[in-house]
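The values are calculated or read from the model by the stated rules, or taken from the named source; none is laboratory data. Predicted model only: the values in this text are computed from it and were never measured. Cβ placement follows ideal geometry from the backbone for every residue including glycine, while neighbour counts extend to all protein chains displayed. Accessible surface is based on the protein model in full, side chains and every heavy atom, while ligands, DNA and RNA are left aside. Shrake-Rupley method; radii C 1.70, N 1.55, O 1.52, S 1.80 Å.
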Amino acid sequence: MVQEFKVKRLFENQVHERQQFSLNFKSYTYQGIFHEGDIQWFHPQPNTRLVEEDLQVLESTVFELMRKHAYQGLTVKPLFEDQVHERQQFTLNFEGDHYHGIFHDEEIQWFHPQPNNNLSEDDLQDLESKVYDLMKNHAYQDFAIKPLFEDQVL
């Protein structure tokens, strides 16, 4: 039903950063800006072309696609690599804000800005669970089993 979803950042890395999106829905291309959970539609306005049920489907689809897109900007940098106290420093864009932190021993330590100051409790839990999942997946990307006795016949 939804095709060709595209997102472009506007005013990147600035306080007033926004996400511009476009997608095809029921043979029309709709565009808008997504910021802080709000959709501002460009022309054509979907509420003039769609019945209420289709408009709700479209908007909930945009919210879900933007939520997934927000997590695509995860970058991870190992600190103290190959040492006992190794940690993973990460950066993540969520609802237009760039959050930074360290992931260690399955815990998140946030840098500035603190997401608990900017987000509701539900959004904070969603963000932290997503960071946890992404970091766990990232930690095991390079996981390989090394034989204890290489090239030896037992």
Exercise for review: From 140, 71, grab the single residue that is at pLDDT below 85, open to solvent by less than 50 Å² (accessible area, probe 1.4 Å), at negative phi and hydroxyl-bearing (Ser, Thr, Tyr).
Suggested key: 71
Check your understanding: Going through region 33-60 one residue at a time, which ones are on the phi > 0 side of the Ramachandran plot and small (Gly, Ala, Ser)?
Key -> 37
Exercise for review: Go through region 20-57 and give me each residue that's modelled with pLDDT of 90 or more, within 25 Å of residue 119 (Cβ to Cβ) and either open to solvent by 90 Å² or more (accessible area, probe 1.4 Å) or outside any strand (DSSP E or B) (or both).
Suggested key: 40, 56
Practice item. Give the residue that is nearest to residue 12 (Cα to Cα), with candidates limited to residues of region 89-104 that are modelled with pLDDT of 85 or more and not aromatic (Phe, Trp, Tyr). Key: 100
Review point. Can we say residue 109 is touching a Leu at 6+ places or on another chain (Cβ under 8 Å), part of a strand (DSSP E or B) and at pLDDT 85 or above?
Key: no
Revision key, fill the gap. Taking region 81-96 and keeping only residues that are of a type outside the set (Val, Ile, Thr), under 25 Å from residue 35 (Cα atoms) and either touching a Ser or Thr at 6+ places or on another chain (Cβ under 9 Å) or in contact (Cβ under 8 Å) with a residue 40 or more places away in the chain (or both), one is left with 90, 92, 95, 96
